[in-house]
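Here's the structure we're looking at; comments come further down.
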Amino acid sequence: MSSSLISLGIESSCDDTSVAVVTQRADRDVDILSLITFRQNDLHHEYGGVVPEIAARAHATRLDLCTKRALKKASLELRQVDLIAVTSGPGLIGGLMAGVAFAKGLAAGSGKPFLGINHLAGHALTARMTHGVDFPYLALLASGGHCQFLLVQSPTTFTRLGATIDDAPGEAFDKSARLLGLPQPGGPAIEAMAQSGDPHRFELPRPLSGRMGCYMSFSGLKTALLRTRQQLVKKHELPDPDRNDLAASFQQAIVDIFVEKSGIALEEYHQRLGERASTFVVCGGVAANRAIRENLQELSAKYGVEFVAPPAKYCTDNAAMIAWAGLELFGPGRCDPFDLKARPRWPLDETASPIHVSGKKGQKS
């Protein structure tokens, strides 16, 4: 490695257009020189969720501006960048194609190498960028489209210990927020309402409690919330106190599921690695939830492992984690060809058996 490497990261897997510049010196010190993200909440608000076609078009029109601003904030020109890293999967195919095509154009025009990055690897490796975590560590990756426990052994070696068999928690937060008449994204909206609610008023289920190891389910929880809400609605409206208590009870159920299943995953982590089992990382958009963080931190203390959660802005989809993953993977002769294709489905642990339960978004990986 030279004295330093500079990576330009591009993220467009869902509804956030993000570009970042990250550098790493030979002493492993990391500097996030810039992170520019254009959100699309206003474009999708009236539809109650992300519309893939609208998202893809917005990415195509914003990627160049986002890149110019990221380079300007980093006080760099494209010729000074060593690597272009782009999310090439998994995600919405239109957004992925926009990002990959843009990265290819930058690489061809500048003569720089480029790498296609697994979006999930970006999340899973973020703690190494923000906290310098050493391999191997246990990670709970919880986001809008994915949820799994991973044994992270290297930038390319991930072992899945468990996962959701249906909805991801972020998806459950979004759908439940819509049921409660709250804005998107649902996670922050429910967290805000829950602060004024009673988390023990409603007995919502904890699916798969006591079963299937550290595999999880969130679909039944969402259905139970719907039924409870229907019982409370008066004159087509849900009173605010009831809304607050429902939000708090729903969030508490998510917390309880994570605590139980994380305990099982930590037991397996210790069984596999013994004294080397030292760190539990929670990452992905759902990791920005304060109640989830606090409870998992308490659990980690009971198991005698260090708890690490990246700052909230690096938990949600962002290009800094993609730029960092590029630095982790980059080496002599390590770059992708110009026929690289976007992959809407791309499991981190390709040796793990598929989870055969299917949902609206298809088979879970």
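With respect to Gly274, is the statement that it is surrounded by fewer than 24 Cβ atoms within 10 Å (Cβ to Cβ), among the small types (Gly, Ala, Ser) and under 28 Å from Leu63 (Cα atoms) true? Show your work before the answer.
Values: surrounded by fewer than 24 Cβ atoms within 10 Å (Cβ to Cβ): yes; among the small types (Gly, Ala, Ser): yes; under 28 Å from Leu63 (Cα atoms): no.
Judged against the criteria, Gly274 is not a match.
Hey, among Ala291, Ala248, which residue is buried (at least 17 other Cβ atoms within 10 Å of the Cβ) and more than 18 Å from the chain's Cα centre (by Cα)? Steps first, answer last, please.
Details: Ala291 fails: more than 18 Å from the chain's Cα centre (by Cα).
Answer to the check: Ala248.
Scanning the range 175-206 for residues that are over 12 Å from Ala253 (Cα atoms) and either among the basic types (Lys, Arg) or in contact with a His (Cβ under 9 Å, 6 or more places away or on another chain) (or both) turns up Lys175, Arg178, Pro183, Gln184. Can you find a residue in the range 37-51 that is closer than 19 Å to Tyr314 by Cα and modelled with pLDDT of 90 or more? Yes: the range 37-51 contains one or more residues that are closer than 19 Å to Tyr314 by Cα and modelled with pLDDT of 90 or more. Pairs are defined by a Cβ separation below 6 Å, a sequence spacing of at least 6 or placement on different chains, a first member in the range 297-321 that is closer than 22 Å to Glu260 by Cα, and a second member that is among the basic types (Lys, Arg); the pairs so defined are Ala309/Arg293.
For Gly197, the conditions (1) modelled with pLDDT of 95 or more; (2) under 22 Å from Gly162 (Cβ atoms) are fulfilled apart from (2). Report every pair of residues separated by at least 6 positions or lying on different chains whose Cβ atoms are under 6 Å apart, first residue within the range 239-252 and acidic (Asp, Glu), second modelled with pLDDT under 95. Matching pairs, first to second residue: Asp242/Leu232.
Those residues that are farther than 20 Å from Leu150 by Cβ and either assigned to a helix (DSSP H, G or I) or among the small types (Gly, Ala, Ser) (or both), I need them from the range 111-129; list them, please. If you could, list the steps in order and put the result at the bottom.
Of the range 111-129, the ones farther than 20 Å from Leu150 by Cβ are 111-115.
Answer for the range 111-129, where residues must be farther than 20 Å from Leu150 by Cβ and either assigned to a helix (DSSP H, G or I) or among the small types (Gly, Ala, Ser) (or both): just Gly111.
Six or more apart or on different chains, Cβ under 9 Å: which pairs go from a residue in the range 264-286 that's farther than 20 Å from Thr130 by Cα to one that's of a type in the set (Gly, Ala, Ser) and part of a helix (DSSP H, G or I)? Could you list them? Pairs found: Leu266/Ser300.
When you check Lys72 against the structure, is it charged (D, E, K, R), surrounded by fewer than 24 Cβ atoms within 10 Å (Cβ to Cβ) and not in a helix (DSSP H, G or I), yes or no?
No.
Here the strands (runs of 3 or more DSSP E) wholly within the range 298-365 that include at least 3 residues being modelled with pLDDT under 95 and surrounded by 11 or more Cβ atoms within 10 Å (Cβ to Cβ) are 355-359.
Here's the yes/no breakdown for (1) of a type in the set (Asp, Glu); (2) more than 12 Å from Thr17 (Cα to Cα); (3) without any contact (Cβ under 8 Å) to a residue 60 or more places away in the chain:
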residue	(1), (2), (3)
Gly49	no, yes, no
Pro52	no, yes, yes
Ala55	no, no, yes
Leu65	no, no, yes
Lys68	no, yes, yes
Ser75	no, yes, yes
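Look through the range 10-31, keep the residues that are aliphatic (A, V, I, L, M) and surrounded by fewer than 21 Cβ atoms within 10 Å (Cβ to Cβ), and return whichever of them is nearest to Arg178 (Cα to Cα).
Going through the qualifying residues, I end up with Val30.
If you check Ala108 against the conditions, is it in contact (Cβ under 8 Å) with a residue 40 or more places away in the chain and part of a helix (DSSP H, G or I)?
Yes; evaluated as a whole, the condition is true for this residue.
Residue pairs whose Cβ atoms lie under 6 Å apart, separated by 6 or more positions or on different chains, with the first residue in the range 12-30 and of a type outside the set (A, V, I, L, M, F, W, C) and the second part of a loop (DSSP other than H, G, I, E, B), are Ser13/Gly91; Asp15/Gln40; Asp15/Val50; Asp16/Arg39; Asp16/Asp317; Ser18/Asn318. Answer with yes or no whether Asp134 is surrounded by fewer than 19 Cβ atoms within 10 Å (Cβ to Cβ), among the acidic types (Asp, Glu), more than 18 Å from the chain's Cα centre (by Cα) and outside any helix (DSSP H, G or I). When the stated conditions are applied, Asp134 passes them.
Of the candidates Gly48, Gly95, the single residue that is crowded, with 21+ Cβ neighbours inside 10 Å and of a type outside the set (A, V, I, L, M) is Gly95.
One residue stands out among those in the range 187-244 that are acidic (Asp, Glu) and not in a helix (DSSP H, G or I): the one that is surrounded by the most Cβ atoms within 10 Å (Cβ to Cβ), which is Asp198.
The values are calculated or read from the model by the stated rules, or taken from the named source; none is laboratory data. Fair warning: this is a prediction, and the values are worked out from it, not measured in the lab. Every residue, glycine as well, gets a Cβ built from its backbone with ideal geometry; the counts of neighbours run over all protein chains shown.
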